[in-house]
Number of protein chains: 2
Amino acid sequence: MKQFISSRGINRRALLSTLALLPTVSAALAPVPALAQAAEPGGVLASWQDGAARQAIVDFVRATTDRASANYVPPEERIATFDQDGTLWVEHPIYTQVIYCLDRVPAVVAKKPELKDVEPFKTVLSGDREAIAGLSLHDLETILVATLTGMTTEEFKAEATRWLETARHPRWKRLYTELTYQPMLEVLRYLRDNGYKTYIVTGGGQDFVRVYAEKIYGIPPEQVVGTAGGTKYGYGEDGKPILTKEPKLLLNDDNAGKVEGIHLMIGRRPTAAFGNSTGDRQMLEWTGAGSGARLKMLVLHDDAAREYAYGPAMGLPETKVGVFPQTLLDEAKKSGWAVISMKNDWKRVFAFD
Amino acid sequence: MKQFISSRGINRRALLSTLALLPTVSAALAPVPALAQAAEPGGVLASWQDGAARQAIVDFVRATTDRASANYVPPEERIATFDQDGTLWVEHPIYTQVIYCLDRVPAVVAKKPELKDVEPFKTVLSGDREAIAGLSLHDLETILVATLTGMTTEEFKAEATRWLETARHPRWKRLYTELTYQPMLEVLRYLRDNGYKTYIVTGGGQDFVRVYAEKIYGIPPEQVVGTAGGTKYGYGEDGKPILTKEPKLLLNDDNAGKVEGIHLMIGRRPTAAFGNSTGDRQMLEWTGAGSGARLKMLVLHDDAAREYAYGPAMGLPETKVGVFPQTLLDEAKKSGWAVISMKNDWKRVFAFD
């Protein structure tokens, strides 16, 4: 996805849609098993249609895990990186973390009542969806800083956890954590079962994604690389050490920043990388520039019935979110990146389908 | 250790000693086995004397891995962090990475001959040990920037690898990578065999330590947290993507920065932490502030015969390197941090002893 909090500004397209959060009942996703199991090509990737995309994944895993293969990769070098928004879960109509930030505004204002009549907080509190959608990039940055920094890391985790347990996606009326793509969960598991260490490399906030990544993706906090702000070590009123989230950008984990983040946090070149937008281009390039077999895949959102259709699937140069212009599709063809068609390659999109 | 490249300046004490790099033959350390094996308290930690320090380690592992224990820690939360210099390998008479930087000066000047007569390069090239030891913090910073940045990440790795294969410690005439503490290698292995993920959290350069950490400690690059500079994504002359090391500090991984680095790179509070100096104080505090059993240990350099004696072992407030004042020892007693006496707790210091 295109990250939305950075020194370079915010993706305004992310704000063009509205949100409606209605409570319904949801089922928790089955936990990903911790132990590896033998890869069974007939049984794995069960939600994938037979086709070029599925075959590319299976061929890559065979080529890199068979000791007799010229492209064998030792286990410690088996690194697979995944963009999150639009690649592992739904990013429409608006990035989940942005909704979180907007939802947090009342709590922030409750603590600082003087913000009640100050923009952009006033507009967010009004609930006027048109007006909220019209907020400027600078306004959104102000909201992100107010809702993502200033608290301790433990407080942030508790707040985000509570929100994720109740907030619902406007279309499916389900928890956001249920809106992960079942076929991609199967890829994560298949790669791990074959000795791959799976990482999220997201333009979204590292601390936010870490709150749920282990539970819904089976990816532990230390394997989440994201846009990260600084923290400050200090002591609470009880004398106990605390870390406070600061409004200082350390890593802008999007575009070229994804490669820089991979170097900082992983220190190895991935052998496989998955994305869905121009923000993932450099990560795929960097992955592909290594020697031997490399898997580079792009998720194409061409399924308006089961999810959304946007980007080149709609014949558009780019759309509200999930920037994926025709030029990226052209580059994929040129560079040998495999394209995953949600419509044609996936038997189902969600676990609840 | 006290890190030496930072916005806060350089530890001048690190420069007070001289270096002599003489070639001798060395034996490679045996690789750490990748698979966990059953913990055998009689066979593990073989280089440790029976005593309070060894017992603290064994008791901690039992308490956190026995499902029946009130202090049981699930495997995914078993995180152990280790300072490097003075905790895992020798930091006297001068930090290894500083020696590397001084040794790289001729190559830097060969590429930029105009530096030949410019300070501090001129002094380093002179080989005058007294003069080198007298360089200012600012001079050293200039040398670190010139020798650690400006090249691609791949070039840096190749240069550092070559150096580590030949440079020798002046006292033992052995490769620096042989000067790891055998008892600490056993702790690393013992913890891993019991499901712990072992991390280095060092004030030293993250990229430098990653060059050899997997080989000598069994710690992969992604589990090395260190002082880190920014990188810049771009394209080489052949059009291939490259990452260039930039003279921009991202993470000053010392003192409070160690906790901030742990949050950034790991995202979980460690259950065990090992250090040897004031630069490790906050990491031990942060580790100890978690609930349940926590292991916090300090290596005391009190063995002038087999290694070095400095800090409170010498009755000094602090010494050249390895800042470990009496106040830290007092704090250890107060906070229940276990002190490891090299002299009394270790049967041998090095694998070659």
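The values are calculated or read from the model by the stated rules, or taken from the named source; none is laboratory data. Owing to the predicted nature of the structure, the values given are computational and were not obtained by experimental measurement. When we count neighbours, we look across all protein chains shown, and the Cβ atoms used for this are built from the backbone with ideal geometry, even at glycine. Side chains included, ligands, DNA and RNA excluded: accessible areas come from the protein's heavy atoms. Shrake-Rupley method; radii C 1.70, N 1.55, O 1.52, S 1.80 Å.
Observations on the structure shown:
- Karplus-based coupling profile of the stretch B:59-66, in residue order and whole Hz: 4, 4, 5, 4, 5, 9, 10, 7, with θ = phi - 60° in 6.51 cos²θ - 1.76 cosθ + 1.60 and x standing for Gly or Pro.
- Net +/- balance of residues flanking B:R210 in space, Cβ distance below 14 Å, scoring K and R +1, D and E -1: -3
- Out-of-range pairs (alpha-carbon distance over 23 Å; input A:K248/B:K232; A:K240/B:K197; B:K173/B:K296; B:K258/B:K296; B:K112/B:K240; B:K157/B:K245): A:K240/B:K197; B:K173/B:K296; B:K112/B:K240
- Local electrostatic count at B:P247 - Lys and Arg +1, Asp and Glu -1, tallied over other residues with Cβ under 11 Å: +1
- Cα centroid separation - the stretch B:292-311 against the stretch B:158-181, whole Å: 22
- Restricting the stretch B:146-237 to GluC sites (Glu not before Pro) that sit in a DSSP loop and have at most 15 other Cβ atoms within 10 Å of their own Cβ leaves B:E165, B:E237.
- The figure for B:V124 is an accessible area of roughly 20 square angstrom, using a 1.4 Å probe on the protein chains alone.
- For the stretch B:185-236, the relative contact order comes to 36 percent (Cα pairs under 8 Å, sequence separation of at least 6).
- Trypsin sites (Lys or Arg not before Pro) lying in DSSP loop within the stretch B:115-199, provided at most 12 other Cβ fall within 10 Å: B:K116
- Inter-copy separations for A:G336, label at 7 Å along Cα-Cβ, nm, ascending: 5.8
- Pairs of Cα atoms nearer than 8 Å and 6+ residues apart set the relative contact order; for the stretch A:104-188 it is 19 percent.
- When the square roots of the Cα gyration tensor eigenvalues are ordered a ≥ b ≥ c, the ratio a/c for the stretch A:48-99 is 1.5 or more and a/b does not exceed b/c, which makes its shape oblate.
- Contact order relative to length of the stretch A:203-303, as percent, for alpha carbon pairs under 8 angstrom and 6 or more apart: 19
- Cβ-derived FRET efficiency at R0 41 Å, A:A305 paired with A:L125, nearest 0.05: 0.70
- Distance between the modelled labels on B:K173 and A:D66, one decimal in nanometres: 5.2 nm (7 Å Cα→Cβ projection).
- Cα-based shape type of the stretch B:188-337, given that a ≥ b ≥ c are square roots of the gyration tensor eigenvalues and the cut on a/c is 1.5: prolate
- Mean per-residue shielding of peptide B:131-137 is 0, counting Cβ atoms of other chains within 10 Å of each Cβ.
- Cα gyration tensor, the stretch A:145-194 - rounded (a/c under 1.5), prolate or oblate: oblate
- With a cut-off of 11 Å between beta carbons, the residues surrounding B:A289 carry a summed charge of +1, where Lys and Arg count +1 and Asp and Glu -1.
- Taken as Cα centroids, the stretch A:201-225 and the stretch A:65-104 sit 9 Å apart, rounded to the nearest whole angstrom.
- With DNA, RNA and ligands ignored, accessible area of B:I132 (1.4 Å probe; Å², nearest 10): 20
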